[in-house]
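Taken together, the values in this text are just the output of simple stated rules run on the coordinates, not laboratory data. Bear in mind the structure is a predicted one, so any value in this text is a computation, not a measurement. FYI the Cβ positions are ideal-geometry reconstructions off the backbone, even for glycines, and counts take in every protein chain you see.
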Amino acid sequence: MGQAMLEGWMAKGVKAHAIHVQDPQPSDWVLAQAGISVNAPLPNSPAVLVIAVKPQMLAQVLPDLSDFGGGETLVLTIVTGYPLSTYDAAFGTGTPVVRVMPNLPSAVGAGVSAYACNTFVDDHRQHLTNALLGAVGVAIPLADEDQLHAVTGISGSGPAYVFAMAEAMAEAGEAMGLPAELAATLALYTITGASQMMRESAAPPSDLRDAVTSKGGTTAQALQVLMKPDTGLFNLMKKASQASRDRSLELGE
């Protein structure tokens, strides 16, 4: 996820020489970016420190970053689960910290990043946060930090749900006799086209669904299966999103 955001920022014009990456196993993509400093000494007071590690690694890396506390550096964390209080304890009083839940489409400038700030984030730091996150998609401030767990279940994990849906649609096409490549292409463009319609239309998704569903027609027949109360898509989506949210809560403990 950290690389996805970095790719988006560089595509929007952030210069490689301004980026310092600390990673015991840097990706081939990072190593291929001319100008990025990899595993070299960090500057004393960077404008922004981005923490992008697996939740299980956070306790291990925070002690090495504590010197960046105090207020000159904005700490932006995309680590799932851990509350702002974790960073307040690690960096000390006065450190502006923003906790972000981004998602993978940030790599192509189409992400959505919801975020919550601690009390030390002033207007300037919030503007900087909006600029960074807005450069890779949509930035959404939250009034309540606890909402980030539910955000994880919807937009954080959500791209995987859509990818799985495309995969399932393609498999369904193959099962009905379509060539694999054709089935995959149909699934891809159906999902991207429907997504674009939702973005460009003022109507809610339910109205768009009704508009394409003729009474007694083929779509209506399919929706009878998808919208069954106990086994249909709506029930499955609630269960899947809640499972993601619950895991976020567990990781924060």
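A few points about this structure:
- Test item: Cα-centred dipole of the chain, Lys/Arg +1 and Asp/Glu -1 on Cβ, debye: 440
- Listed residue (G92, Q3, Q25) projecting farthest to the positive dipole end of region 1-129, Cβ model: Q3
- Region 2-148, dipole about Cα centre (Lys/Arg Cβ +1, Asp/Glu Cβ -1), debye to the nearest 20: 320
- Distance between modelled label sites at D146 and S37, nm, 7 Å Cα→Cβ extension: 4.2
- Sequence-ordered 3J(HN,Hα) estimates for region 159-173 from the Karplus curve with 6.51, -1.76 and 1.60 and θ = phi - 60° stand at x, 5, 5, 5, 4, 5, 5, 4, 4, 5, 5, 5, 5, 5, x Hz, glycine and proline given as x.
- Centre separation in Å (Cα based) which lies between region 70-138 and region 17-54: 17
- Taken about its Cα centre, region 158-252 carries a charge dipole of roughly 300 debye when the Cβ of each Lys and Arg holds +1 and the Cβ of each Asp and Glu holds -1.
- The mean sequence distance of close C-alpha pairs (under 8 Å, at least 6 residues apart), as a share of the length of region 1-97, puts its relative contact order at 24 percent.
- Exposed loop sites were defined as trypsin sites (Lys or Arg not before Pro) in DSSP loop states (anything but H, G, I, E or B) carrying at most 16 other C-beta atoms within 10 Å; in the chain the longest segment without such a site runs 16-214.
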